[in-house]
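> Below is the structure I would like to discuss, written out as structure tokens.
The values are calculated or read from the model by the stated rules, or taken from the named source; none is laboratory data. This structure is a prediction, so every number in the text was calculated from the model and none was measured. Note: ideal-geometry Cβ built from the backbone for every residue, glycine included; neighbour counts use all protein chains shown.
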Amino acid sequence: MILKTVKNPHIKRMTPRILISTFIVFSLFLPGKPVNAAEPLASLRGAEIEIGGELELEIIDSQADGTVVRDGNGNILGGTPNPNSRMSIDKIVITPKVRFNTGILFQADIEFGPSSSKIDEAWIKIPGLPFNSWIKFGLEDTFHHPSRKTEAYPIVGHAFWQDEDLGLFMGGEQGSFYWRFSATNGRRLRDRQAGEDAVFPITTDDDDNAETNANKQVGLGLGLDHSFKEAHKIDILPFYFESDLSAGDMAYLNAITTYAGGTQDKQSRYGLNLDYVLRGFSFFGQIIMAEDGGMDRDGWYIQPSYTQKIGMARLQSMEFLVRYEEYNVDLVLDPSDSRTWNRQRTTLAILSKIVPGFTVKVEYYINEEDTGGAKVDNNEALVQLEAKF
């Protein structure tokens, strides 16, 4: 494989200083006081209706710009589709909520992106069941999906929990203990980018909401969520998921260059979430181990952060966050197949809450890959304006 970096001297890249200044200046025009929320609307059948939403604007700058990856015959294997620093609307989300007088809740997230739109979530939750439990039906995040805070997903997030699943979800609480269960349609194995740029893909659990797949999944989690006192708590959640690989999944695996699992068709994911909060300090960690036929993968990350209250009219708080992570694939490394690579990433982020519902995120990602060959250069910087209502 030949890695060739093409630099265009006529392209003036937007520096992080310019990017940050753009959003700070924009934030000065925001109102300093929150607007009072309106009362929920009443439907013709007596239910309460609320509408929310989200808008994300981004500026992305990548060191991978201009990188072309070729095999020994000169064929292009990968590269950055947009070789410039760029601003884009990442997504617009509309969130309707309908609460019935019985306490049953319907909620959906309808997401509009630059090139497509989709129903990201849509579920009905029935609370108040025996043993302080509830049940959900529909399209929903897997229960080991944490709040990531940053715009960027951890690598294990891209690999294992970025997408929703369709099925039945149950849970309950008893004191500090809680449980989660899911029986879902399962997801399929597909390629996905591991960062903001669409380069060097990894194997991922991709949503597959058609009922034609053959990899139904069952998951179980038993957790402890304990508050020691105000603003001091710990949440620990071990989890386990199991399913069979479909014929399509096995065909996907056998197309990976150094995969030798043959007809093995078992799939599992297990691991642990750890969330600890002490006033302004928080720490989150996750470890996941996965088996896909004859391919074993594992990944983990730790994420400490500290939130400093500012109290200004147009700058309420700033959160300083660091995340370190590793992702490993138990296959022989092949420079021409990024799905076999091991990866490490360090994320540095400042998350500024300007006013309620309006956040500016400044993030930098230091990416390292064990390719079995030449080093790739693909660090990334991102500035995002996130508005929620």
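> Restricting to segment 40-55, name every residue that is part of a strand (DSSP E or B) and surrounded by fewer than 14 Cβ atoms within 10 Å (Cβ to Cβ). Can you show your working first?
Kept after step one, since they are part of a strand (DSSP E or B), are these residues of segment 40-55: 41-42, 48-55.
Within segment 40-55, L41, A42, I49, I51 qualify.
> Moving on. Select the strands (runs of 3 or more DSSP E) contained entirely in segment 150-251, then report the ones holding at least 2 residues which are at pLDDT 90 or above and under 30 Å from S85 (Cα atoms).
Details: elements: 165-174, 177-184, 188-192, 202-206, 217-229, 232-244.
Correct list: 188-192, 202-206.
> Is one or more of the residues making up segment 363-371 crowded, with 19+ Cβ neighbours inside 10 Å, farther than 21 Å from A152 by Cα and of a type in the set (S, T, N, Q)?
Taking every residue of segment 363-371 in turn, at least one turns out to be crowded, with 19+ Cβ neighbours inside 10 Å, farther than 21 Å from A152 by Cα and of a type in the set (S, T, N, Q).
> Checking the condition free of Cβ contacts under 8 Å to residues at least 60 places away in the same chain, closer than 24 Å to D337 by Cβ and surrounded by fewer than 21 Cβ atoms within 10 Å (Cβ to Cβ), which residue from Q174, Q162 passes?
On the way: Q174 fails: closer than 24 Å to D337 by Cβ.
Being free of Cβ contacts under 8 Å to residues at least 60 places away in the same chain, closer than 24 Å to D337 by Cβ and surrounded by fewer than 21 Cβ atoms within 10 Å (Cβ to Cβ) holds for just one of Q174, Q162, which is Q162.
> Moving on. So the check is Cβ under 7 Å with 6+ separation or different chains; which pairs have a first residue in segment 331-356 that's in contact (Cβ under 8 Å) with a residue 40 or more places away in the chain and closer than 26 Å to R148 by Cβ and a second one that's among the basic types (K, R) and assigned to a strand (DSSP E or B)?
T347/R323; A349/K361; L351/K361
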